[in-house]
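Undergrad: One structure follows; several queries about it will come next.
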Amino acid sequence: MISELERLDQHRRQVRTASGPASYMDTGGPGRPVLFVHGVGTSSYLWRNVIAELDGQRRCIALDLPLHGHTAAGPGQDFSLPGLARFVEDGCAALQLPEVDLVANDTGGAVSQVFAARYPGRLHTLALTNCEAHTNMPPPALRAGDLLMRTGLPLWRLAGRLFGDPVRGRQRFFGSGYQDVSHLPLAVSRAMLDPVLGTPARARQFQRLMVALRRRDLLAAEPALRRLAVPTAIVWGTGDRFFGRKWAYWLRDTIPGATAVIEIEDGRLFFPDERAAELAAALRRHWDAHR
């Protein structure tokens, strides 16, 4: 019997871009493509349930950012927000996507804000779920760990603990992002963690990525965001300990193309996976309003 990961990877493709090789899932389908961008420590697999909800309705493309999923990172890979936004742009160029409906989560939302600021002509619509905004990078709950990594904590020495017990590893890395982390299959959890923490070399790269993500790059995008007329949906889980609902309303009030916040009651950071039907319904309404 085919596993869930094998079923998903039937849609997997590879493309060479100006920023390096990129892995992505492409379901095919009608209409303008939907491009999904994940955050730190997850991968294109985060979007598997949303893609299933949209099956046959839209062409869904879920990109793996460098070091995540099936996208390798080069020794000098630019992990900054502008560098990752350029990676998304180069992926669009390589796949010949003139215009997309962009959907993002977590640090993928910060990447997408920089992308929208720099490449607004690539967007037909934008949808941001729980993510960094303004000065909330890193969020308070993660600042101690961020400081330790920036001061040289050898993350690779801790990574092995996440793999000795898969259930414990899933709980420690993903537990706070789900209302019920058992909704995340262990095989998917492992497939997301292994590329970033599975070996000492990957863990060192992951630490370099985390250090490269800086608030100043997000703040630098704000003047362009304040001019962004692209229709923008803000879909926000209200139970998130990292990205509280006030940031959803900050984004609404900052981006001229945003008109409303759609709240997902008690949803946490990874509600796009756990409550995919609600997100898909909100996306359909957003796209239908901006055909």
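A short reminder: the numbers here are calculations on the coordinates, not readings from a lab. Just so it is clear, the model here is predicted, and its values are computed rather than measured. Ideal geometry is used to build each Cβ from the backbone, glycine not excepted, and the neighbour counts take in all protein chains shown.
Undergrad: Expressed as a rounded percentage, what relative contact order does the chain have, with Cα pairs under 8 Å and six or more residues apart?
TA: Relative contact order comes out at 20 percent.
Undergrad: For n ≥ 4 DSSP H runs only, could you compute -39500 (n - 2.57) per run for the chain, divide by its residues and tell me the 222 nm figure to the nearest 500?
TA: Working: 15 runs with 127 residues, N = 291.
Helix-only estimate at 222 nm: -12000 deg cm²/dmol.
Undergrad: Tell me which label goes with the value of volume of the Cα convex hull per residue in Å³ computed from the coordinates here: [x] 175; [y] 118; [z] 166.
TA: [y]
Undergrad: Running a GNM on the chain with Cα contacts under 10 Å, which residue among Glu53, Glu132, Glu274 ends up with the highest mean-square fluctuation?
TA: Highest fluctuation of the listed residues: Glu53.
Undergrad: Extension gain Ser3-Leu142, at 0.36 nm per residue separation less the Cα-Cα distance, in nm?
TA: In short, 46.6 nm is gained.
Undergrad: Over the range 1-146, what is the relative contact order in percent, taking alpha-carbon pairs closer than 8 angstrom and at least six residues apart?
TA: It comes to 23 percent, rounded to a whole number.
Undergrad: If R0 is 30 Å, what FRET efficiency do you get for Ala281 and Gln96 from their C-beta distance, rounded to 0.05?
TA: Once the sixth-power term is evaluated, E becomes 0.50.
Undergrad: Please sort 202-211, 92-101 by packing, taking for each peptide the average over its residues of neighbouring beta carbons within 10 angstrom, highest first. Mind dumping the intermediate values first?
TA: Working: 202-211: 19.7, 92-101: 16.3.
Descending packing order for the listed peptides: 202-211, 92-101.
Undergrad: Can you tell me the dipole magnitude for the range 189-247 around its Cα centre, using point charges on the Cβ only (Lys, Arg +1; Asp, Glu -1), in Debye to the nearest 20?
TA: So the dipole magnitude of the range 189-247 works out to roughly 180 debye.
Undergrad: To the nearest 20 Debye, how big is the dipole of the range 102-211 about its Cα centre, given +1 on the beta carbon of each Lys and Arg and -1 on that of each Asp and Glu?
TA: Value, rounded to 20: 380 debye.
Undergrad: Which percent, to the nearest 5, of DSSP beta bridges fully inside the chain are antiparallel?
TA: Values: 9 of 30 bridges.
Of those bridges, close to 30 percent are antiparallel.
Undergrad: Between Thr135, Val114, Ile61, whose Cα lies farthest towards the positive end of the dipole of the range 31-135 when Lys and Arg beta carbons carry +1 and Asp and Glu beta carbons carry -1, centred on the Cα centre?
TA: Ile61
Undergrad: Report, in debye and to the nearest 20, how large the dipole of the chain comes out about its Cα centre when Lys and Arg carry +1 and Asp and Glu carry -1 on their Cβ. Write down the numbers at each step before the final one.
TA: On the way: 36 positive and 29 negative charges, 152 e Å.
For the chain, the charge dipole is close to 720 debye.
Undergrad: Mind sorting His286, His124, His68 by how few other Cβ atoms lie within 10 Å of their own Cβ, fewest first?
TA: Arranged by neighbour count, lowest to highest, His286, His124, His68 become His124, His286, His68.
Undergrad: Between Gln179 and Arg216, what is the FRET efficiency for a Förster distance of 30 Å, r being their Cβ-Cβ separation, to the nearest 0.05?
TA: 0.35
Undergrad: Over the range 74-184, what relative contact order in percent results from Cα pairs under 8 Å that are six or more residues apart? Kindly include the intermediate steps, with their values, before the conclusion.
TA: Working: 80 pairs, mean separation 20.6, N = 111.
Value for the range 74-184: 19 percent.
Undergrad: Given labels modelled 7 Å from the Cα in the Cβ direction, how far is it in nm from Gln10 to Leu186?
TA: Output for this residue pair reads 2.6 nm.
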